[in-house]
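The values are calculated or read from the model by the stated rules, or taken from the named source; none is laboratory data. From a predicted model like this one, the values you see are computed outputs, not experimental measurements. Don't worry about glycine lacking a Cβ; one is built from the backbone with ideal geometry, like all the others, and counts go over all protein chains shown. We work out accessible area using only protein heavy atoms, side chains counted, and drop any ligands, DNA or RNA first. Shrake-Rupley method; radii C 1.70, N 1.55, O 1.52, S 1.80 Å.
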Amino acid sequence: MKKILFVTHAASYGGAELFLRDVVLHARSSGQEWPVIFLADGPLKTDLIDAGATAKTVSAGAQILKLKRGSNVREALSALYSIYAVVKVLAKEFRNYDVICANSQKSLFIAGLAARLARKPFVWILHDLVSDQSFSGAMRRALVFFANHMTSAVVANSYAAKDALVQCGGKADKISVVYNGFDFDTNFGDNATERDRATLLGEAGLSDLPTVGLFGRIAQWKGQHVLIEAVERVPRLQAIIVGDATYQDGSYFDQIRAMVEDRNLSHRVKFLGFRKDVQRLMATVDIVAHTSTEPEPFGRVIVEGMAQRRPVIATRGGGVGEIIDHPTNGILCEAGDSVALAEAMRAIITDDAMASRLAEAGYQKVTARFSIERSVRDLKDVFDGLSRA
Ligand code: UDP
């Protein structure tokens, strides 16, 4: 059995990190230890250790962690010395493994160099649409260079993510698609009882009226403002907005809080912050919405809503079309179209048969296609197919 080591820069919760947590824990339950090196400390590392997995930090230093998608060449060069130091430490660690797998962009660069030094096969898991406007030209070129020349294989989290990298110059024959996988047996399928629902809505300061949930980081491109505009158009519809802002998105959070106040929606729209019980909250709402204003590379929250047997309305684009077949098992709206979102929500809360049909078809689709067993198997196939660097 090949010895695999994962490297990732972030130990806080985002879709890419939760993907990593789930595959590492599932591999472990099926007898394979996939240790993780984090380049910065955070709660995900603690969760993995608490669950019995092997995880540790090799600190990349502030200069490297400050690098962003939009960073220019000068900023990248100023991080060079720290990169050299951490690359040397990592290369030493890598000697004990057969395959090194980077789960983020920063770890692509740093672990990619270290894997080259240690002469180990190197895999990058791509969780982004590299074509997206938020990447600077220099960063896009660097990603494509590393993907083409420093990896043995690239794993994209959707065909949309694969196609975007290919359009920027990535080599298609190096890229496999492995979807995010979910443990449907243990984490989903709880139908909240009426009492649970009343309790959770009561805790949020809401009454027992139809409720939509929006789950994910609070960030402009996640489009929480689109949901607020849509909720305003549907009388008696309530909303919970679940998730937190990262430091740089704090002002957007302030804006949408003010938007709710200004429109007199405070009694109908509640912000619950970051929650670890997303599945439980999804089970209490009547609709799960996804409102990203940019194409989503994959969209875990969409699968989670469908797995929880909730009708899901999502933004068309990116990897979302690989999850939802509109209008069979979910509804797609154009990005930013709060009028269409309001209409779709109104239709679902007034037509129980439609809501149940969407929920059931959504459940069937995601349980057949996005299991954690399949993701771990597909990843293992990629690792097993590699020869020595
Ligand atoms: N999530 C969470 N708590 C929150 C908000 C979101 O655990 O308060 C989880 C959510 O359940 C999902 C992930 O964060 O698994 C977000 O992944 P997604 O692919 O939707 O978006 P990304 O963060 O990758 O942009």
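Residue count for the stretch 33-66, restricted to those that are at pLDDT below 95, part of a loop (DSSP other than H, G, I, E, B) and out of contact with any His (no Cβ under 9 Å at 6 or more places or on another chain): 6. Residues of the stretch 284-294 that are away from the ligand (no atom under 11 Å from the Cβ), assigned to a loop (DSSP other than H, G, I, E, B) and open to solvent by less than 10 Å² (accessible area, probe 1.4 Å): Val285, Thr291. The strands (runs of 3 or more DSSP E) found wholly in the stretch 75-168 and carrying at least 3 residues that are of a type outside the set (D, E, K, R) and within 18 Å of Thr57 (Cβ to Cβ) occupy 99-102. In this entry, Arg28 passes the filter for residues that are modelled with pLDDT of 75 or more and either open to solvent by 60 Å² or more (accessible area, probe 1.4 Å) or not in a helix (DSSP H, G or I) (or both). Each residue in the stretch 225-244 was checked for being within 16 Å of the ligand (Cβ to nearest atom) and buried (at least 20 other Cβ atoms within 10 Å of the Cβ), and 7 pass. Here is the figure for the stretch 295-319: residues that are more than 10 Å from the ligand (Cβ to nearest atom) and either β-branched (Val, Ile, Thr) or open to solvent by 10 Å² or more (accessible area, probe 1.4 Å) (or both) total 9. Each residue in the stretch 153-197 was checked for being open to solvent by 50 Å² or more (accessible area, probe 1.4 Å), within 19 Å of the chain's Cα centre (by Cα), modelled with pLDDT of 95 or more and not charged (D, E, K, R), and 1 of them qualify. Residue count for the stretch 213-227 satisfying the condition of being more than 13 Å from the chain's Cα centre (by Cα) and part of a helix (DSSP H, G or I): 6. Against the condition modelled with pLDDT of 95 or more and closer than 28 Å to Val301 by Cβ, how does Val144 come out, does it pass? Spelling it out, it is not the case that Val144 is modelled with pLDDT of 95 or more and closer than 28 Å to Val301 by Cβ. Among the residues of the stretch 265-283, the ones that are away from the ligand (no atom under 12 Å from the Cβ) and either crowded, with 24+ Cβ neighbours inside 10 Å or at pLDDT 95 or above (or both) come to 6 in all.
In the stretch 246-264, the residue that is modelled with the highest pLDDT out of those that are out of contact with any Asp or Glu (no Cβ under 9 Å at 6 or more places or on another chain) and either aromatic (Phe, Trp, Tyr) or within 13 Å of the ligand (Cβ to nearest atom) (or both) is Tyr252. Can you find even one residue in the stretch 78-85 that is at pLDDT below 95 and touching a Ser or Thr at 6+ places or on another chain (Cβ under 7 Å)? Within the stretch 78-85 (the criterion being at pLDDT below 95 and touching a Ser or Thr at 6+ places or on another chain (Cβ under 7 Å)), the answer is no, since none of the residues qualifies. Look at the stretch 6-19: where a residue is of a type in the set (Gly, Ala, Ser) and open to solvent by 20 Å² or more (accessible area, probe 1.4 Å) and a partner is near the ligand (Cβ under 6 Å from one of its atoms) and part of a helix (DSSP H, G or I), sitting 6+ places away or on another chain with Cβ atoms under 8 Å, you get Gly15/Arg300. All but one of (1) away from the ligand (no atom under 16 Å from the Cβ); (2) within 17 Å of Gly299 (Cα to Cα); (3) charged (D, E, K, R) hold for Lys222; which doesn't? Exception for Lys222: condition (1).
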